[in-house]
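Below is one structure, written out as C-alpha cells, with a few remarks after it.
A short reminder: the numbers here are calculations on the coordinates, not readings from a lab. As the structure is a computational prediction, the values presented were derived from the model and not from experiment. All Cβ positions, even for glycine, are placed from backbone atoms using ideal geometry, and neighbour counts span all protein chains on display.
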Amino acid sequence: MLKNRSIISIADLAEEDINEIFTQADKMLENLNTGQKMNDMSSKILATLFYEPSTRTRLSFESAMERLGGSVISMADSKTSSTSKGETLADTVRIVESYSDIIVIRHPLEGAALLASKFSSKPVINAGDGSGEHPTQTLIDLYTIRRELGSIDGKTITIIGDLKYGRTVHSLLSALSRYNVTVNLVSPESLALPKHVYNEVKGQLNVNTSSSLEKFLADTDILYVTRIQKERFTDKNEYAKLIGSYKITGREAGMIKRGAIIMHPLPRVDEISPDVDNMKTAKYFKQAYYGVPVRMALISMIAGD
Ligand code: NCD
C-alpha cells in the first residue's frame, strides 16, 4: 500500500495505512527485543538530508535503516555541503535521488519536503518542514498512545506549549481529527494554534482552548508537552518574554488523572522539570525509543521489496 510513496503530510496516510504501519512496528519491536537479525533492506540505501538541527529524528531513521540491514548516507549539516556554495534544494535532490532509494529531509522552510518530492523519482519523507508538519513524529506519538494506553479513541489529550510554530502539534491534530477524542489546547495567547490548522480540525474534534492548564488535568489521559520553538521567532525579545511561561513539575504531574501519560516529542528545554522523569506517568523517553520500530516499519513498507 505504501510502496514507493512519499510521506509529506500526515494527511497522505489513510487510516488503513496507519494501522498497517502499527502492525509492522509491533513486529519490528518484537524483533528488536529478541535480537533477531533483519535483512529486509540489505540492497537499499537511505539518504538523510538535514538542513536543520536534529538528534532523534535523524539518528532514529539511520538506526532503523541499519537495523533493517540497509545502508545510510547522510548530510547532517548543510554548512559542509554544496548548499553553502549556493546549490538549490532542487539540484541537491536530483543528485541525492540517484545515490539512494529513499530520502528523508528536514528543512527550515514550510513546503520544502513537498518541493523535494517533485524533483525526486524516489520516495521522500518529510522529517519536519519549518512550522509545517512532522508526519513521522505523529506516527510515533499515536503508536505510543496505543502501546501505553491500549487505544486512541475515547481519550482526552491536552496539548500544551508552542501551538503556533510546533509542527509536531500541527500533524498530531490533523491525525487526531480522525479519531473520537477530546482535545484541550493550552498555550500563552501569542503561541495559539494558527487559524488554518484550527479551522481544519474544529468541525471534527471536540476542542477546548485555555491559557491555564490546571482545570484540564483531572480529566487528561495524555498530556502532550512541547518546547517553545525559539528558532522560529524573528523577534528574539518576543521569545525572551515567553521563557518559563509554563512548566510541568511534580505538582502538575501529581494532579493528572490516574493512569495518564505525559508525552513530549523532545528536545525538552525547561518545560518539564527533571523531577517528573522518574514518575510512572512520564513516557517521553519511551516515546523516543518507539521512533526506531515505527521508522523501521515505514522504511520497509515504502522502500522494501
Ligand atoms: C521536534 C521537531 O523537530 O519538530 N523534534 C523531534 O523531531 N522530535 C520538536 C521540537 O524540536 O521541539
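Using just the Cα positions, wrap segment 212-305 in a convex hull and report its mean projected area in square nanometres, one decimal place.
If I average the Cα hull's projected area over directions, I get 8.2 nm².
Give the lysines whose C-alpha is closer than 23 Å to that of K27, dropping any in the same chain fewer than 8 places away, or say none.
Partners within reach: K3, K37, K44, K283, K286.
Do any trypsin sites (Lys or Arg not before Pro) in segment 249-305 lie in a DSSP loop with no more than 14 other beta carbon atoms within 10 Å, and if so, which?
R258, K280
Please compute one quarter of the surface area of the Cα convex hull for segment 50-89 and express it in square nanometres.
Over all viewing directions, segment 50-89 projects a mean Cα-hull area of 3.1 nm².
Assuming 0.36 nm per residue, please report the length gained on full extension of the stretch N33 to L59 beyond their Cα-Cα distance.
7.5 nm
From the gyration tensor of the Cα coordinates in the chain, what semi-axes in whole Å does the equivalent ellipsoid have, largest first, with each one equal to sqrt(5λ)?
They are 31, 23, 17 Å, listed largest first.
Assuming R0 = 22 Å, what is the FRET efficiency of K118 and N19, from their Cβ-Cβ distance, to the nearest 0.05?
Step by step, r from the Cβ atoms, then E = 0.15.
Between S151 and Q204, what's the calculated FRET efficiency when r is the beta-carbon distance and R0 is 22 Å? Round to 0.05.
0.75
For D26 paired with A218, estimate the spin-label separation in nm (one decimal), with each label point 7 Å from Cα along the Cα-to-Cβ line.
Calculated label separation equals 3.6 nm.
Under a crude label model (7 Å from the Cα following the beta-carbon direction), how far is K85 from L242 in nanometres?
Result for the modelled spin labels: 3.8 nm.
Cα atoms only: what Rg and Dmax, in Å, come out for segment 135-288?
14.4, 43
Above 16 angstrom, tally the Cα pairs of segment 143-201 and express them as a % of all pairs, no decimals.
The answer is 43 percent, as a whole percent.
Provide, for q = 0.13, 0.21, 0.22 Å⁻¹, the log10 of I(q)/I(0) from a solvent-free Debye sum over equal Cα point scatterers in segment 86-131.
Those come out to -0.23, -0.60, -0.66, one per q.
For segment 34-44, just list the computed ³J(HN,Hα) in residue order, Karplus coefficients 6.51, -1.76 and 1.60, θ = phi - 60°, integers in Hz, with x standing in for Gly and Pro.
8, x, 5, 6, 10, 10, 3, 10, 4, 9, 10
List the lysines whose Cα sits under 21 Å from the Cα of K164, skipping any in the same chain fewer than 8 residues away.
Hits, sequence-local ones excluded: K195, K202, K230, K236, K241, K247.
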